[in-house]
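Notes to accompany the following structure.
The values are calculated or read from the model by the stated rules, or taken from the named source; none is laboratory data. Everything numeric in this text was worked out from a predicted model, so none of it was measured. All Cβ positions, even for glycine, are placed from backbone atoms using ideal geometry, and neighbour counts span all protein chains on display. The area values use the complete protein model at the heavy-atom level, side chains included, leaving out ligands, DNA and RNA. Shrake-Rupley method; radii C 1.70, N 1.55, O 1.52, S 1.80 Å.
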Amino acid sequence: MAKKESILNLEKYVDQEVSVKFQGGREVRGVLKGFDQLVNVVLDDCIEYLRDPADPYRATNSTRKLGLVVCRGLQVSLVSPMEGTEEIANPFVAAAED
């Protein structure tokens, strides 16, 4: 049987700050210390961005420090590096205006 490869290679982001978004709207930021093929991730110096209790999909400016955490891969929907990313223009907006 062939070895199953990971669908996501996070090796280049180890020891760098990343943002992780979860199903349900939660978002955390921390230093990536490890991961596995199921996208379980270990974050150090982790900070959670708290949501508005009235609207769980709206972020507030409040945060709480979590420290070292293990994030279960089944709940992870996005892993994004904090450095090296930039916002780009939406290419579909221009097509809709034509």
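Scanning segment 59-69 for any residue that is outside any strand (DSSP E or B) and either basic (Lys, Arg) or without any contact (Cβ under 8 Å) to a residue 60 or more places away in the chain (or both) turns up nothing.
Scanning segment 45-72 for residues that are among the acidic types (Asp, Glu) and either closer than 19 Å to residue 17 by Cα or touching a Lys or Arg at 6+ places or on another chain (Cβ under 8 Å) (or both) yields 45, 48, 52.
Looking only at segment 10-39, count every residue that is open to solvent by 60 Å² or more (accessible area, probe 1.4 Å) and either of a type in the set (Val, Ile, Thr) or part of a strand (DSSP E or B) (or both) and tell me the total.
Final tally of qualifying residues: 5.
Scanning segment 40-55 for residues that are open to solvent by 20 Å² or more (accessible area, probe 1.4 Å) and either out of contact with any Phe, Trp or Tyr (no Cβ under 9 Å at 6 or more places or on another chain) or closer than 12 Å to residue 73 by Cβ (or both) yields 40, 42, 44, 45, 47, 49, 50, 52, 53, 54, 55.
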